[in-house]
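Notes for the one structure printed next.
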């Protein structure tokens, strides 16, 4: 039996599980939550290391890079050994080590490091990373890393060969050995939005100017330039903290995100659908002509009410998007 649905916009309050002020769209957030100060980004570090102590889950004898690494390590410790004398017990593995070095990092600070197999190791779980130097893009050593590897439940599901993790984390396993010489300009600062948007950039500039008139100007859809007031040049930390605590209502692009596996649908406010008729098997949807089109959450609520499956809803959304009736970006995960 065919099922049909007509969606007509009426002036009612729809009950949905979202923020209380969803209807108005005025959700205030701190500037610090949607932006960063230019020049205060983290620095990426990279190194090559050797993991030992693996219970038969390391690289096989076919991995020449692991054998050579073992020979080099033993030679640095004053032990001479021929590579041919090494035999495989699969208790070691060659790895790449990565880390994020925070801005203004100082010597003796601790950072987390990530370790990933580059050979044919079965698992890194329980292994110990030997002392590894971590270099920045400029080739300078900024940190060293060493310690026992651990893996989270998520890593065990995501980074596996068989059922074991080949990516692990050493919490606080990195030791900063060189200061990061990041400096703040005492006269000019730039704020960069995490999600570029012309309207949001303009709103951020207005919020700052309401506190310090005339110091902020939106240069493009992601950059707001600040002139530091003279009486704040000696207290940049306090000034930045004050600016980043100001609140704005960021503008958002109409977007619909659908998880194809679970059927979960997340959308931004005011996603509209123009008059359209769509058919998906036995399910038919007709959105009639009204002044502002239909609200998508109303359409989905109505589809759920008649028992439409997640796959049917996704197919309908894709058809609406293809027809030009869904006025939003559609992302399928």
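What follows draws every value from the coordinates through simple rules; no lab data is involved. Quantities reported herein were computed from a predicted structural model and do not represent experimental measurements. Every residue, glycine as well, gets a Cβ built from its backbone with ideal geometry; the counts of neighbours run over all protein chains shown.
Per residue, the convex hull around the alpha carbon atoms of the stretch 201-260 comes to 111 Å³. Once the Cβ-Cβ distance of residue 107 and residue 202 is raised to the sixth power relative to R0 = 51 Å, the FRET efficiency obtained is 0.75. Counting beta carbons within 10 Å around each of 243, 65 and listing the fewest first gives the order 65, 243. One decimal place: the segment residue 177-residue 279 gains 30.3 nm when fully extended, by the rule 0.36 nm per residue minus the C-alpha distance. Peptides 29-41, 200-212, ordered by how many other C-beta atoms sit within 10 Å of their residues on average, highest first, read 200-212, 29-41. Averaging Cα coordinates gives a centre for the stretch 114-139 and one for the stretch 174-212; these two points are 34 Å apart. Put a dot 7 Å past the Cα of residue 62, heading toward its Cβ, do the same for residue 44, and the two dots end up 2.9 nm apart. Packing here is the average count of other Cβ atoms within 10 Å per residue, and on that basis the peptides 314-325, 227-238, highest first, run 314-325, 227-238. Remark: spin-label model distance residue 245-residue 133 equals 4.4 nm, labels positioned 7 Å along the Cα→Cβ axis.
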